[in-house]
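Just below is one structure, and these are the notes that go with it.
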Amino acid sequence: MTLEPFQTRIRDAAQRGVALRLRGGGTKDFYGNEPRGEVLDTRAYAGIVSYEPTELVITARCGTSLSEVERILEENGQCLPFEPPHFGAGATFGGCIAAGLSGPRAASAGALRDFVLGARIVDGRGRALGFGGQVIKNVAGYDVSRLLAGSLGTLGLLAEASLKVLPRPAEQLTLRLEMPQERALEAMQRWASQPLPLSATAWHDGELFVRLSGAAAAVRAGVAKIGGEPLDAAPWLAIREQSHAFFSASPLWRIAVPPVAAPLALPGAQLLEWGGALRWLAAAAPAGAVRDAAQRAGGHATLFRARDKSAGVFAPLAPTVARLHRGLKAAFDPVGILNPGRMYPEF
Amino acid sequence: MNALRAFLPARAVLHEEEDTRPYECDGLTAYRQLPMVVALPETEEQVQRVLQACAALGVPVVPRGAGTGLSGGALPPGDGVLLSMAKFMRVLRVDPRARVAIVQPGVRNAVISEVAAPFGLFYAPDPSSQIACTIGGNVSENSGGVHCLKYGLTLHNVLRLRGYTVEGEPIELGSEAPDAPGYDLLALAVGSEGMLMVVTEVAVKLLPLPQSARVIMASFDDVEKAGQAVAAVIAAGIIPAGLEMMDRPATHAVEQFVAAGYDLQAAAILLCESDGTPEEVDDEVARMMAVLAQAGAARMTVSRDEAERLRFWSGRKAAFPAVGRISPDYYCMDGTIPRKRLGEVLRFIAAMEKKYDLRCPNVFHAGDGNLHPLILFDANSAEELHRTELFAAEVLEKCVEVGGTITGEHGVGMEKINQMCVQFRPDELELFHSIKRVFDARGLLNPGKAVPTLARCAEYGRTRGRGVAAAHPELPRF
Ligand SMILES: Cc1cc2nc3c(=O)[nH]c(=O)nc-3n(C[C@H](O)[C@H](O)[C@H](O)COP(=O)(O)OP(=O)(O)OC[C@H]3O[C@@H](n4cnc5c(N)ncnc54)[C@H](O)[C@@H]3O)c2cc1C
């Protein structure tokens, strides 16, 4: 399997100055600004390139089904520690990395970008380039593969990527407690400063869910410390995939703040994750008010799901940082044909 | 110099040779260059003005932390300013609730864990140079340590950077909130070897101190068996807090220096650490010992108390200076390889010892495949230095050939710039140069480091006559 078809397609589009919309399973079409351009479907370029459990690294092509990757890891007692959301059965490996979204375990295990080790890309000139590699430590050259994670396909087509993987935790257990938001925040901080095997937290509507993962002894000690009632049906999948009833509202804001931020005084329901660092807001509040509140708390707000995105999906960048973004876009994609506007309207 | 004197006190502008001499090299002493002038600003505003002054005059600037770098990253410009960040030594804030420390770039790595300890927290990346190296240097090199298999590299433990572009424009990358908007410029800046920005403030993540930790010292009568034991531990689903290997020449050098209690009979020893709750550690140590025994460990000793644990580690952490004691000079390599190729690479290094008639003890971050072969030589002999460089080049190129990289944590700097031509193709190098231009259009910040020009690679290809990536597009490098 070669990258030639992608390269030809991109070279041709660059020559004609035609926008390309890079797309895997389309499960994240809703995310970012409205996709536009001719669809370049990545799904034909699929398959696991290499996976050796003892090296803790998996390399796969962009079109590989994300479920397939997870299944193979599971067969070998391993996992993607950042628990990426799929948002649909068709999610691809490449789309997952390009979107850069992480799930419940990210607050303790690290986010998607933390696990990226290398990538092969096709840039906006149709050049096939490789960065990083298949080893855990590598500082040769700028860290381009991590830059590509979460770039929403605006810098290059992520053709292949290598991710670090980890063993699945031996034991896993979810506890349920009841408390208001303020006390939940305080409790999550207290636990996070202690050596407890926390692997996920979520609060909504007076209920706090805490997941512990790790060696049996550590989980047991954690349960003794945290209390609450053990749950059989844990909510994590529903939260990660947003099938939980809370997420059916629109618009949906994703507000990232330092975990110690006080409860955000905004109208509408909230669901908290990541020890309080992630606050989902379901409300038709004015965008300005949401962005201000996020900024005052030391964070930023993303308009995650909405019909009307005229307020801008991502928080505006500081002028110098915005200039660096435009410069990088031009370095990778001089004609500006790869997913133009998907992240910020001006590039 | 006059431009600097306009806003810096006289003591902060050094130009007499006796004052600038200490800055002529970093930890890679084979490369030396006296800077035209050394600037030692004390405030962010002074840093900004130094940069503005240099930009206005078109003079190159090289930032420097503690100068412990091992790749010549802080090698000064002969025609420019060495910007020492040594005065930026303040811990600005430790927030135990948020588990964050805000520090200036000249703060030494070990100090962060010291100030966090009263809160039951620590800063995880622990390079062996941690009592001397600065967090600014760590950020610029993406430094690792003996515990990074479990806790990650600098990249994974830094939340936000503040600093200036070479033109003196303030920038802030990352955030104490997760997922800062836009591209992950923080990831780009970490490990950029002082070529994209000057860092003036760093927010790092603090982690809860594990309640207890114990380390197993396991002896093997064969180096490759030790390598296979590492794979076996990981195959058993265990991620040790630390997993290090030293071969016999290395343990012998160390033992004379620090008396760490290493088994001097062993062909190689592994240090395999577990941390967590006491029950967890007991359980994991038992499992690790079973796996290691199965993998052929000849002897095993488990640290009985904290003093013994630290003593076992002290030897590993002192490995470079210890080797420095048994040889006038040593040259530290830093390639990373897929672990399964360890045997092959060690055999290759042994063959190179014969070919170049130089000794080469090995220390190895075994858990993450990062090798530190240390070539012993005498820098007073130009011929021996030359042989050493050829030896090192062959080993690094071997690392690339087996699917690894020329540098795992020490950076490219000046030292490995030729081997960049082996690891990357011209198009990739060109993209690196374009990234550099986005941040530094005129190439004034730490110029000439880390990314070779295509002309240099062409020249290197001619002199080496092999191995250059462009000539071997079929090599699996990614
Ligand atoms: C005995 C010994 C053991 C070592 N062990 C390890 C180890 O275990 N792991 C490891 O990773 N490394 C190790 N090193 C290498 C070295 O200590 C690290 O690379 C360290 O991070 C360098 O820090 P420094 O403050 O000395 O930086 P310097 O050497 O002064 O500079 C390093 C680079 O960072 C840039 N820089 C410094 N400060 C700034 C700033 N504020 N803004 C922008 N750029 C800046 C410089 O321009 C240069 O390119 C070891 C070195 C020695 C001598």
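The values are calculated or read from the model by the stated rules, or taken from the named source; none is laboratory data. Being a predicted model, the structure only gives us computed values, none of them experimental. As a convention, Cβ positions derive from the backbone with ideal geometry for all residues, glycine included, and neighbour counts pool all protein chains shown. For accessibility, only protein heavy atoms count, side chains too; no ligands or nucleic acids. Shrake-Rupley method; radii C 1.70, N 1.55, O 1.52, S 1.80 Å.
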Condition set more than 9 Å from chain A (Cβ to nearest Cβ) and more than 16 Å from the ligand (Cβ to nearest atom), scope segment B:413-423, selection farthest from residue B:361 (Cα to Cα): answer is B:421
Answer residue from segment B:447-463, given it is open to solvent by 60 Å² or more (accessible area, probe 1.4 Å) and in a helix (DSSP H, G or I) and is modelled with the lowest pLDDT among those | B:463
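Is it true that some residue in segment B:208-231 is among the polar types (S, T, N, Q), more than 10 Å from every other protein chain (Cβ to nearest Cβ) and touching a helix residue (DSSP H, G or I) at 6+ places or on another chain (Cβ under 7 Å)?
As a first pass, look at segment B:208-231 and keep what is among the polar types (S, T, N, Q): B:211-212, B:219, B:228.
Keeping just the survivors that are more than 10 Å from every other protein chain (Cβ to nearest Cβ) gives B:219.
Restricting the remaining residues to those that are touching a helix residue (DSSP H, G or I) at 6+ places or on another chain (Cβ under 7 Å) gives none.
Checking segment B:208-231: not a single residue is among the polar types (S, T, N, Q), more than 10 Å from every other protein chain (Cβ to nearest Cβ) and touching a helix residue (DSSP H, G or I) at 6+ places or on another chain (Cβ under 7 Å).
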If you take the residues of segment A:310-333 that are within 7 Å of chain B (Cβ to nearest Cβ) and part of a helix (DSSP H, G or I), which of them is nearest to residue B:439 (Cα to Cα)?
-> A:324
List, please: which pairs have Cβ atoms under 6 Å, are six or more places apart or on different chains, and start with a residue in segment A:223-234 that is farther than 12 Å from residue A:210 by Cα and end with one that is open to solvent by less than 90 Å² (accessible area, probe 1.4 Å)?
-> none
Within segment B:104-113, can one find any residue that is open to solvent by less than 40 Å² (accessible area, probe 1.4 Å), at negative phi and away from the ligand (no atom under 16 Å from the Cβ)?
-> no
Mind listing whichever residues of segment B:199-229 are within 16 Å of the ligand (Cβ to nearest atom), over 18 Å from the mean Cα position of the chain (by Cα) and over 21 Å from residue B:121 (Cβ atoms)?
-> B:200
Quick check, is residue A:279 within 14 Å of chain B (Cβ to nearest Cβ), at pLDDT 95 or above and not in a helix (DSSP H, G or I)?
-> yes
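Going through B:148, B:133 one at a time, which residue ends up being in contact with a helix residue (DSSP H, G or I) (Cβ under 6 Å, 6 or more places away or on another chain), within 12 Å of the ligand (Cβ to nearest atom) and of a type in the set (A, V, I, L, M, F, W, C)?
Numbers: B:148 fails: in contact with a helix residue (DSSP H, G or I) (Cβ under 6 Å, 6 or more places away or on another chain).
Only one candidate qualifies: B:133.
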Residue check, residue A:298 against (1) within 12 Å of another protein chain (Cβ to nearest Cβ); (2) surrounded by fewer than 22 Cβ atoms within 10 Å (Cβ to Cβ); (3) at negative phi; (4) assigned to a loop (DSSP other than H, G, I, E, B), all met but one. Which one?
-> (3)
What number of residues within segment B:184-196 satisfy the criterion of being facing another protein chain (nearest Cβ under 10 Å) and either open to solvent by 10 Å² or more (accessible area, probe 1.4 Å) or near the ligand (Cβ under 10 Å from one of its atoms) (or both)?
-> 8
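So is residue B:124 surrounded by fewer than 23 Cβ atoms within 10 Å (Cβ to Cβ), within 30 Å of residue A:165 (Cβ to Cβ), within 20 Å of the chain's Cα centre (by Cα) and within 13 Å of the ligand (Cβ to nearest atom) or not? I'd like the intermediate steps shown before the answer.
Details: surrounded by fewer than 23 Cβ atoms within 10 Å (Cβ to Cβ): yes; within 30 Å of residue A:165 (Cβ to Cβ): yes; within 20 Å of the chain's Cα centre (by Cα): yes; within 13 Å of the ligand (Cβ to nearest atom): yes.
In short, yes.
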What is the residue count in segment B:417-446 for residues that are open to solvent by 10 Å² or more (accessible area, probe 1.4 Å) and in contact with a Phe, Trp or Tyr (Cβ under 7 Å, 6 or more places away or on another chain)?
-> 1
Test result for residue B:65, within 11 Å of the ligand (Cβ to nearest atom), within 14 Å of chain A (Cβ to nearest Cβ), modelled with pLDDT of 95 or more and open to solvent by less than 50 Å² (accessible area, probe 1.4 Å) | no
Return a yes/no flag: does segment A:39-52 have any residue that is without any contact (Cβ under 8 Å) to a residue 24 or more places away in the chain and part of a helix (DSSP H, G or I).
-> no
Segment A:143-180, subset open to solvent by 30 Å² or more (accessible area, probe 1.4 Å) and either more than 8 Å from every other protein chain (Cβ to nearest Cβ) or in contact with a Lys or Arg (Cβ under 7 Å, 6 or more places away or on another chain) (or both), residue farthest from residue B:451 (Cα to Cα) = A:178
Taking the residues in segment A:245-263 that are open to solvent by 10 Å² or more (accessible area, probe 1.4 Å), of a type in the set (A, V, I, L, M) and away from chain B (no Cβ under 14 Å) as candidates, determine which candidate is nearest to residue A:310 (Cα to Cα).
-> A:249
Selection count where residues are surrounded by 21 or more Cβ atoms within 10 Å (Cβ to Cβ) and charged (D, E, K, R), scope segment B:350-378 = 1
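Mind counting the residues in segment B:436-458 that are within 10 Å of chain A (Cβ to nearest Cβ) and touching a residue at least 12 places away in the same chain (Cβ under 8 Å)?
Residues of segment B:436-458 that are within 10 Å of chain A (Cβ to nearest Cβ), as a first pass: B:436-439, B:441, B:450-451.
Next, from what is left, pick out any that are touching a residue at least 12 places away in the same chain (Cβ under 8 Å): B:436, B:439, B:450-451.
Selection size over segment B:436-458: 4.
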If you check B:40, B:57, B:34, B:70, which single one turns out to be of a type in the set (A, V, I, L, M), in contact (Cβ under 8 Å) with a residue 12 or more places away in the chain and within 12 Å of the ligand (Cβ to nearest atom)?
-> B:70
Single unsatisfied condition, residue B:168 versus (1) in contact (Cβ under 8 Å) with a residue 24 or more places away in the chain; (2) within 13 Å of the ligand (Cβ to nearest atom); (3) not hydrophobic (A, V, I, L, M, F, W, C) | (2)
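Tell me which residues, restricted to segment A:198-215, are modelled with pLDDT of 95 or more and not in a strand (DSSP E or B).
Start the filter on segment A:198-215 by keeping residues that are modelled with pLDDT of 95 or more, which leaves A:198-213.
Answer for segment A:198-215, where residues must be modelled with pLDDT of 95 or more and not in a strand (DSSP E or B): A:205, A:206.
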Please work out if residue B:323 is within 14 Å of another protein chain (Cβ to nearest Cβ), part of a helix (DSSP H, G or I) and open to solvent by less than 50 Å² (accessible area, probe 1.4 Å).
-> no
Check B:372, B:410, B:433 and return the single one that is touching a residue at least 12 places away in the same chain (Cβ under 8 Å), assigned to a loop (DSSP other than H, G, I, E, B) and either within 16 Å of the ligand (Cβ to nearest atom) or within 14 Å of another protein chain (Cβ to nearest Cβ) (or both).
-> B:410
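Just give me the residues in segment A:44-75 being of a type outside the set (Asp, Glu), within 14 Å of another protein chain (Cβ to nearest Cβ) and either surrounded by fewer than 17 Cβ atoms within 10 Å (Cβ to Cβ) or touching a strand residue (DSSP E or B) at 6+ places or on another chain (Cβ under 8 Å) (or both), in sequence order.
Start the filter on segment A:44-75 by keeping residues that are of a type outside the set (Asp, Glu), which leaves A:44-51, A:53-54, A:56-67, A:69, A:71-73.
Among the residues that remain, those that are also within 14 Å of another protein chain (Cβ to nearest Cβ) are: A:49-51, A:53-54, A:56-62, A:73.
Listed by number, the residues that qualify are A:49, A:50, A:51, A:53, A:56, A:57, A:58, A:59, A:60, A:61, A:62, A:73.
Hey, among B:335, B:296, which residue is open to solvent by 10 Å² or more (accessible area, probe 1.4 Å) and touching a strand residue (DSSP E or B) at 6+ places or on another chain (Cβ under 7 Å)?
On the way: B:335 fails: open to solvent by 10 Å² or more (accessible area, probe 1.4 Å).
Sole residue among the options that is open to solvent by 10 Å² or more (accessible area, probe 1.4 Å) and touching a strand residue (DSSP E or B) at 6+ places or on another chain (Cβ under 7 Å): B:296.
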